[in-house]
Amino acid sequence: MGYFKDKHSDFKKSLNLDNAKRLQFISAVILFVVTLQAVTYLLRESSLYGSELIWTKFAIIGAGIIVVFLLEQIKRQVTFALKYSTPIIFLSVFMMIFMSILNTFAAQAISNDISIYMMVLMAAIAGNRMEPRYVALILAGNYMVFAFGMPYYQADSNYLFSHLFNGALINLLAFLISNMFYQYSLKTYADKLNADMVNMRLKLLSEKDDLTGLYNKRTIYKHLKDLIENNKCSDKQVHLGILDLDHFKEINDHYGHLYGDEVLKKIALKIQDNVRHEDMVGRYGGDEFVIIFNDCDGQTVQRAMERIQEEVKKLDFEVCQLSFSCGVAVWNGESSEKLFERADAFMYDVKKSGKNNIKVESYKVVNI
């Protein structure tokens, strides 16, 4: 549940970052056009346009600067802005449309149309991907301002009806377009999430042993090689242990491979439960397991192996008591292949010496 909650949070963050980028560009374009208009009006006779329209232009410029600044904070991923990115996006879109309505009101004195309101509304809605409920609030709130305010600026009933009807129509269209964009974004993200999960499963399948769930031989080699490369410039010790079950062939011969598979699963769990998080456990093949100990000394490794041996002996298989032979080599600067060879050699030394034992390089052999 937490995984999907985190992913939903990532989706909202990604969506708002994209919204901020698009809306900032749209706001900057609107800001440039409005500034150009305001300068033009000032250079010509202001009486031609009316002081209310000019002051409205300057109010739009001020609001536009605030909007661009807030959106920039989201783009820069400032902590405060990211935390409140949804309200900031909401406020930015609301302000863009609201200021266009004020501009449309003031412009009724020189032009009987609402094209500015319609263009800004469509641009603002098309430029973001918000949840439909937020878009509905923005559109409904602004249309109420438009519907109640327009009669004070447009006395001609024919124009007024046309403005109100066209305004309602464009708002409905804007909501449908916004919902379509949002659903498309949601589906795209869900598809990406599903693809990532499939790739993750495939990656796990390629890295893990089908039977035990431990890492497979190829992954073990790669991890050991990377670990050695990373530790070349440090004094961290890397130990490689190869563990081979004693008399496991007899179990398969007498009780079948299915029973043998269950034994291997239980052994794998015991090994994994008794090593550190930073250590790596894998199935080398058959009844052989590998443990890579990172950054610990021989004594710690010896204790860990003894603990695993004791836990394995406690397992009740009804038909037998299992033990294992183990050889552990410490990396001394050689290749991963050479390290495997030495650990394997130590393990076979234990096998030849009577089995059921652990041999850790640079540490005394302890009979169990």
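A few points about this structure:
- A simple spin-label model places pseudo-atoms 7 Å from Cα toward Cβ; at Ile54 and Arg303 they are separated by 8.5 nm.
- Counted residue by residue at 0.36 nm each, then reduced by the alpha carbon distance between them, the extension gain from Phe69 to Ser323 reaches 84.5 nm.
- Helix-only mean residue ellipticity at 222 nm for the chain, each DSSP H run of n ≥ 4 adding -39500 (n - 2.57), per residue, nearest 500: -23500 deg cm²/dmol
- Per residue, the chain exposes an accessible area of 55 Å² to a 1.4 Å probe, with every protein chain left in place.
- Net charge of Cβ neighbours under 10 Å - reference Ser178; Lys, Arg +1; Asp, Glu -1: 0
- Sites Val198 and Lys83, calculated FRET efficiency, Cβ-Cβ separation with R0 30 Å, nearest 0.05: 0.40
- Surrounding net charge for Ile138, when Lys and Arg each add one and Asp and Glu each subtract one, Cβ distance under 14 Å: +1
- Put Met118, Met180 in order of accessible area, highest first, and with a 1.4 Å probe you get Met180, Met118.
- Sites Asp226 and Lys21 - FRET efficiency at Förster radius 35 Å, r taken between beta-carbons, to 0.05: 0.40
- Near Gly354: Cβ cut-off under 14 Å, other residues only, Lys/Arg at +1 and Asp/Glu at -1. The net charge is +1.
- Each of Met200, His223, Leu169 was placed along the dipole of the range 169-227 (beta-carbon charges, centred on the mean Cα), and the one lying farthest toward the positive end is His223.
- Point-to-point label distance, Leu211-Asn166, nm (Cα→Cβ direction, 7 Å offset): 7.7 nm
- Look at (1) 5, 18, 18, 11, 9, 9, 10, 10, 7, 3, 0; (2) 5, 26, 35, 23, 9, 2, 0; (3) 4, 16, 20, 19, 16, 13, 9, 3, 0: the one that is P(r) over Cα pairs in 10 Å bins from 0, in percent derived from this structure is (1).
- Given Lys203/Lys232; Lys203/Lys313; Lys208/Lys338; Lys270/Lys359, the pairs whose alpha carbons are separated by over 26 Å: Lys203/Lys232; Lys203/Lys313
- The accessible surface of the range 52-136, taken with every protein chain in place and a 1.4 Å probe, is 70 percent carbon and sulfur.
The values are calculated or read from the model by the stated rules, or taken from the named source; none is laboratory data. Since this is a predicted model, take the numbers as computed values, not measurements. Here the Cβ is made from the backbone with ideal geometry for all residues, glycine too, and neighbour counts use every protein chain on show. Ligands, DNA and RNA are excluded from the accessible area calculation, which covers all protein heavy atoms including side chains. Shrake-Rupley method; radii C 1.70, N 1.55, O 1.52, S 1.80 Å.
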